[in-house]
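Asks: Below are the structure tokens for one structure; questions will follow.
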Amino acid sequence: MTSSNEYGSSSWELIITVDHQYKEEQKEFTLRVSGDLHVGGVMLKLVEQIKMSQDWSDYALWWEQKKCWLLKTHWTLDKCGVQADAKLLFTRQHKMLRLRLPNMKTVRLKVSFSSVVFRAVQDICKTLNIRHSEELSLLKQPEETLKKRKKKDKNNKAPVIEDILNLYNSPVISGSPASPGLYSKTLTPVYDPVNGTPVSSTLTWFSDSPLTAPNCSILAFSNPNCAPETLADMYQPRTLADKAKLNAGWLDSSRSLMEQGIQEDDKLLLCFKYYTFFDLNPKYDAVRINQLYEQARWAILLEEIDCTEEEMLVFAALQYHVSKLSLSSAAQDFSHESEVDEVEAALSNLEVTLEGGKMENILEDITDIPKLADNLRLFRPKKLMLKAFKQYWFVFKDTSISYFKNKDSGNGEPIERLNLKGCEVVPDVNVAGRKFGIKLLIPVADGMNDVYLRCDNENQYACWMAACVLAAKGKTMADSSYRPEVRNILSFLRLKNRTAFPQTVSDPESMDMKPECFVSLRYAKKYKSKQLAARILEAHQNVAHMPLVEAKLRFIQAWQSLPEFGLTYYVVRFKGSKKDDLLGVSYNRLIRIDAATGDPITTWRFSSMKQWNVNWEIRQVAIEFDQNVSIAFTCLSADCKIVHEYIGGYIFLSTRSKEQNETLDEDLFHKLTGGQE
């Protein structure tokens, strides 16, 4: 009999392939190892056997069959489960990756293929000078867009040369400490060591970022608008189900690129995934604001989000203004402090953070909750009935609206009281036609009830609309965000108002302008070029006075004002249902939507959520809410992990606060999004 020590020391052969660039050199090596040898020892043995002088510090072992990295170098082969049949690859952890940014520019840079995606995105954003990397993620290109591109390439005989910004000399080293004070209120601008000017204060937030000034300018300034023909060749979703396909390719933030089948020099999309933009600061967020503006711009042009004709003209005017300023030499001086000061002043009126943190002055929240009382018109749609509005006396208090026959009966019992908590609030506005409506979709046991309110003027509409928006979130008019919300609504209405700035409109023919570049194809087909140019120039009068960064921020604000903003769609099948529905995931709620009509059926707020989990065997997401409400669904258009991560991600982002001077709690993110008990 052999002793246990002799048995334990028995060795076996392990074949390891080395991924190096020398074609003539040996690639496959056989090592004699034992189960008690640790991973670090295997790598040391391998490097000794290779006998090539090069830096192997970035190399690690990849287990092909198990699709995993062996990064715990102190673990033994037995503990890892590695046996003689294992196919191991000794390869670099940092590899080149092509990333298409929101502004449609492609950058090539070194990225960690062994870190989880959450950390890899953190490192990428550090390289690109984008703060708050937790709002972004990596997306595989949707198959529909690739199909359209292949068809275009087939018809186009000339080869398409991709314009790539190479950042070869900017490897992102995983594990380097994240930027200190990520939410710090006292941000320190970085000064140029040569001339002492604070050029980096607006361009380079991370002092150790390798991004040079010319490259940073490419990312921080808007590109000229593409030709209408290029726009026509791009994939445009026609239905909500088409929009759902766009969101199927988000990578799992808790796994590495290599574990998800991403190869060296593959192309991925770097996008803003979560629509909660925390602490947008023009002094430090030049790249972030521009990329956010570009993502919003393409969403409008490709009709990934719906808007009215009036709103489309506002977006077109802002785009035209931004492109004009971006081309002028004056706009290229980003360190111009006066513009930054102007934008900071504008930011006080722009609520661009979407509940990104608590308001600094809590004293603004008053104890005596105010109320609104005024004459409004109401309409409740019924079958075979004309849309006739009838005037009532309305009183808005707390989070509910009551209406009475007239003002005199306002102290008695109301005709009806509408509780707006958890409802959907949709603007129904046409400034040119003097129509200021509010559509309320109020949840009831069997779905949603539609109620239409009609206001007399802008000011009345802004006050009531802001109150409805807050009430839907469970907040009252005593909340400190009420006044900024009113100001935001009024500022957006003024942008739509063609008579707000009565100036002489330039002759479209004398302007170097291609109006079709600034609107979606649907609106470009509706008007002749000259008509469209005249309408855009007319709308441009309202924004012509704005500095560059303020114009971008206004565009972002207008995008946030759209009813569909922040909704990410997935095709799902609810438990007990026989048909497919759509699930809209937003920063504060889930919406069940009828796939055939696009109408909301039910809304569930995250604030009333008690717990959620995934049954991995049947790929079902189950969620429990207050008042014994529970739902369960399987996801048909994407993996259920993607939807689960969206929900957990939004809850994670809601924990951010300006009062905290801290780095990201990555463990909390993985706890909320991982789906493990």
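Asks: In debye, nearest 20: dipole of segment 524-593 around its Cα centre with unit charges on the Cβ of K, R (+) and D, E (-)?
Replies: With Lys and Arg at +1 and Asp and Glu at -1, about 380 debye.
Asks: Another question, then. Report the FRET efficiency, 1/(1 + (r/R0)^6), for Asn613 and Gln65, where r is their Cβ-Cβ distance and R0 is 25 Å, rounded to 0.05.
Replies: 0.25
Asks: Tell me whether segment 239-297 comes out rounded, prolate or oblate; compute the Cα gyration tensor, take square roots of the eigenvalues as a ≥ b ≥ c, and use a/c under 1.5 as the rounded threshold.
Replies: It comes out oblate by the Cα gyration axes.
Asks: Same structure again: For Lys473, which sequence-distant residues (separation of 5 or more, or a different chain) have an amide H within less than 5 Å of its own amide H, given hydrogens modelled in the peptide plane?
Replies: Correct list: Gly422.
Asks: State whether segment 542-677 is rounded, prolate or oblate according to the following rule on the C-alpha gyration tensor (a ≥ b ≥ c being the square roots of its eigenvalues): a/c under 1.5 gives rounded; otherwise a/b larger than b/c gives prolate, and the remaining case gives oblate.
Replies: Note, shape of segment 542-677 comes out oblate.
Asks: I've got another one for you. How would segment 269-324 be classified by its alpha-carbon gyration tensor: rounded, prolate or oblate, with rounded meaning a/c under 1.5 and the a/b versus b/c comparison settling the rest?
Replies: Oblate.
Asks: For segment 556-677, what is the accessible area per residue in Å² when the probe is 1.4 Å?
Replies: 44
Asks: Another question about this same structure. Distance between Cα centroids, segment 230-250 to segment 567-599: provide it in whole Å.
Replies: 17
Asks: In addition: With a sphere of radius 9 Å drawn around the Cβ of Leu653, what net charge do the other residues whose Cβ falls strictly inside it have (Lys, Arg +1; Asp, Glu -1)?
Replies: -1
Asks: Given the C-alpha centroids of segment 95-124 and segment 409-423, what is the distance between them in whole angstrom?
Replies: The two parts, judged by their Cα centres, are 52 Å apart.
Asks: Moving to a separate point now. Placing +1 on the Cβ of each Lys and Arg and -1 on the Cβ of each Asp and Glu in segment 540-604, which of Gly598, Gln557, Ser577 has its Cα farthest towards the positive end of the resulting dipole?
Replies: Among Gly598, Gln557, Ser577, the one farthest towards the positive end of the dipole of segment 540-604 is Ser577.
Asks: Separate question: For segment 568-640, take every pair of Cα atoms, bin their distances at 5 Å starting from 0, and report each bin as a whole percent.
Replies: Using 5 Å bins, I get a P(r) of 3, 16, 27, 29, 18, 6, 0 for segment 568-640.
Asks: Still on this model: Using a 1.4 Å probe over the heavy atoms of the protein chains, calculate the carbon and sulfur portion of the accessible area of segment 576-645 as a whole percent.
Replies: With neighbouring chains kept in place, the figure for segment 576-645 is 46 percent.
Asks: Something else about it: Please tell me which of these pairs span more than 23 angstrom C-alpha to C-alpha: Lys245/Lys528; Lys23/Lys95; Lys23/Lys72?
Replies: Lys245/Lys528; Lys23/Lys72
Asks: Sticking with this structure for a sec: Which Rg and Dmax, in Å, describe the Cα atoms of segment 1-136?
Replies: Gyration radius and largest Cα-Cα distance of segment 1-136: 18.8, 71 Å.
Asks: On a C-alpha basis, how far is the centre of segment 24-46 from the centre of segment 448-495 in Å? Whole number, if you could?
Replies: 67
The values are calculated or read from the model by the stated rules, or taken from the named source; none is laboratory data. Predicted model only: the values in this text are computed from it and were never measured. All Cβ positions, glycine included, derive from the backbone under ideal geometry; neighbour counts span all protein chains shown. Keep in mind that these areas ignore ligands, DNA and RNA; they rest on the heavy atoms of the full protein, side chains included. Shrake-Rupley method; radii C 1.70, N 1.55, O 1.52, S 1.80 Å.
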